[in-house]
1. Going by a ≥ b ≥ c, the root eigenvalues of the Cα gyration tensor, does region 128-178 fall in the rounded group (a/c under 1.5), the prolate group (a/b larger than b/c) or the oblate group?
2. Short version: ³J(HN,Hα) in whole Hz for each residue of region 423-431, in order, from phi by Karplus 6.51 cos²θ - 1.76 cosθ + 1.60 (θ = phi - 60°), x for Gly and Pro, what are they?
3. Nearest 20 debye, what's the magnitude of the dipole of region 338-423 about its Cα centre given +1 on Lys and Arg Cβ and -1 on Asp and Glu Cβ?
4. Suppose R0 equals 22 Å. What FRET efficiency, 1/(1 + (r/R0)^6) with r the Cβ-Cβ distance, do ASN561 and GLN493 give to the nearest 0.05?
5. Report, by chain and number, residues whose modeled amide H sits under 5 Å from the one on GLY418, excluding near sequence neighbours (fewer than 5 apart, same chain).
6. What is the magnitude of the charge dipole of region 597-731 about its Cα centre, with +1 placed on the Cβ of each Lys and Arg, -1 on the Cβ of each Asp and Glu, and no other charges, expressed in debye to the nearest 20?
7. For region 597-731, what does the alpha-carbon gyration tensor say about shape, rounded, prolate or oblate, given a ≥ b ≥ c as the root eigenvalues, a/c under 1.5 as rounded, and a/b over b/c as prolate?
8. Compute the FRET efficiency between LEU321 and ASP381 as 1/(1 + (r/R0)^6), taking r as their Cβ-Cβ distance and R0 = 25 Å, and round to the nearest 0.05.
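Only the coordinates and a few stated rules stand behind these numbers; no lab work does. Predicted model, so just to flag it, every value in this text is computed and none were measured. Backbone-built Cβ (ideal geometry, glycine too); neighbour counts: all protein chains shown.
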Amino acid sequence: MSKIQVNEIVNHFDNGAPDCPRGLTIAGVATAATLDVTGNVSVGGTLTYDDVTNIDSVGIITAQAGVNVTGGTVTVGTAITLRQNGNAEYSGVVLAGIDPRGGGGTGLYIDGGSGAIVAGATGTNAILRGFQSGGSENFRFSADGSGFLLGDVGIGTDNPSDDLSILSTANSLVIGCKDSTRGNHIFQLLADDPAGNGELRLYQNSASGTHAKTVEIASSGNSYINSGSVGIGTDNPDSNSQLHTIGTSYWPILVKTTSTGGGGIAIKDKDDTTSLYTGTGGGSWLTGSAITDGLIRAQNNLLFASNGNNEAMRLDSSGRLLIGITEGISVNGQNCAFQVEGVNAATSRISIINRGNNSTGGGIQIAKSRGTIPHNVADDDQVGGIFFCAADGNDFDGQSARIECYIDGLPGGNDVPGRLTFSTTPDVTDSPVERLRIDSSGRLLIPNTNVDNFKLQVAATNGATVSCQNYQNNDDGAEVNFLKSRSTTVGGQGLLSNNDYIGRIFFRGSDGGNFDRAVEIAVKVDGAPAASDMPGRIEFMTTPSGSDTPTATMTLKANKNVEIHSGNIVIETSGKGIDFSAATSGGSSTSSLLDDYEEGTYTPVLSFGGGSTGITYSMQQGYYNKVGRMAMVNYRIECSSVGSSTGEMRVSLPFTVDNSITVSGIDGGGYFGYSSGFDSTQVGAEDLSGYAVGGQSYIVFSVRRSSGDASTLNHTDVDDNLSMSFTVFYNHA
């Protein structure tokens, strides 16, 4: 190939750049520092340039420093067209280059300044990735099916408000999922109607044909689950529907209806026969009448179970409530509506408890009427009773005792006088006999004998009577009760005054000619009485030797103080005691109150240095008396082995020793009543003693050696057959 090198092409006609109106054709290599061509330049070979403007190439252009397009377009075949304007979205293009975001592989990178899109390949997978302006990856999609997308996504909308927003037309499928075998739906989410109601459907795989719909959840219309078991709060339901309560919700299951009259839950068999209904239904609820009352209904017996499947109670088909039994039992000739049977006291008794913050208690209310409305009863009508029946080998018809209430007079409006009778059955019969009666006037009659108007009347033929007299040759005395009123009318009310006697009991004894008073107990008003306010005191009086006139010995006052007239005993609240402050005390007294007394037993424990390994006993007994802060303890210990623990010998005490003598730590002392089993080579015939250790709950022991020194006893000083009885006195903490 030839080569022409022209240093300068000059226009001969005027100054300026050369002008080739017919063009310039160079078949070889042309090199020019500056070339201004207004026509066409045809290059059959290769055109090498440093900076070229307005090039239309039908071949291949290779640019060493890139291609800068301003206002125009660059078209590569028919696949890619990149444009730029004054507000360029993309500032650079790399074809068949390396992913600059670190993804690796070859591909296409488009950088818009505020973000970038990278399309490339890694291995055999094509990857499309998106980046935010900060460089963080926002989405990725790979040909192998993996990928992710950050931010909100809209389907059918360019303004998503959720992570995934789907805008769907009414009566259309929003989301669907099909199996890979037959293309049947296994999951569907639908938009039901223009009003915005939705529907969720789940399908069960079938061996052939269309999958069966098993779950239907509709925001408007019926919802159901017709396959498998459902668990709430559990992932292992053992029945078609199981609720496992979690949390602290007061209503684990709440069934509520907006229809007038209420709703409920019904259990029916395959023939639509209701076996159980619970809810708010009236007596004719099955016929569609108005629902007004709560109802649990069973065709036969209604059973209640607890602790698994153990029957706890049943309401049988006859309306009897049975607890502990499955069939009613006749008692006193009657098969009653409520029956409880058990095998011990706890299972065969009824407790009635009132926990209200008031003065009322639990109770049983028994009523009587001669008609379905509160119709008047008549005199001597039985209002109710409690009947005690026992099995006689045949039945429960025989009565052992009974308590009954009868109308005791002519009843009327707000006037139903009554009496209570108490009857017991004598031997060799099953018929109770009345033993005691409380009549409508409040008289207590034993038995039913009305001699006069005494409130308490006892009639007997064996001398066991109550009449403020006692003629038996024993030390028993008579008893009496009194009422007091300042009214001159029997039964009338008259306000008492301070120091009025309310009643007195006199204990009289025969002196051979008269019944002289030996003791008197009097109750007096102890303050100013008023309505529902009657303060009182009890005075105890005794007659000294050589006199027949009782004098005051002790008084229990209205303020709860007990006064001994030769001293003071004041006990008002818990923790108080006997106050001896009026007595003269010696030394430096810190308290005159005796506030504690206790006596009992405890188990003394032998130890060595605080350890008791291997110690066994044949006797281990302890007793104590505690008066105030002074404790007297006596114990007896006999061992069959003193074990292997080492250190000083100790025996436990029931109370911690007061640590008042802090210098020596000896805050109590005692003596041996008996001892044996001390090692003769160690102890010999020396004197033994023991003392309570201040601040501790044990005694330590010592031996007085012949030298006069005391030595603490330890494990080496005793044998396995140790036996001792010890008494100690000390102040407890």
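1. Values: a/c = 3.78, a/b = 1.62, b/c = 2.34.
Oblate shape, in that a/c is at least 1.5 and b/c is the bigger or equal ratio.
2. Along region 423-431, the couplings run 10, 10, 9, x, 5, 6, 6, 10, 10 Hz.
3. Values: 6 positive and 10 negative charges, 90 e Å.
I would put it at about 440 debye.
4. Numbers: r = 29 Å, r/R0 = 1.33.
For R0 = 22 Å, the calculated efficiency reads 0.15.
5. Hits under the 5 Å cutoff: ASP408.
6. On the way: 6 positive and 13 negative charges, 51 e Å.
Magnitude of the dipole: close to 240 debye.
7. Values: a/c = 1.74, a/b = 1.27, b/c = 1.37.
Oblate, since a/c reaches 1.5 and b/c is not below a/b.
8. Values: r = 27 Å, r/R0 = 1.07.
Plugging the Cβ-Cβ distance into 1/(1 + (r/R0)^6) gives 0.40.
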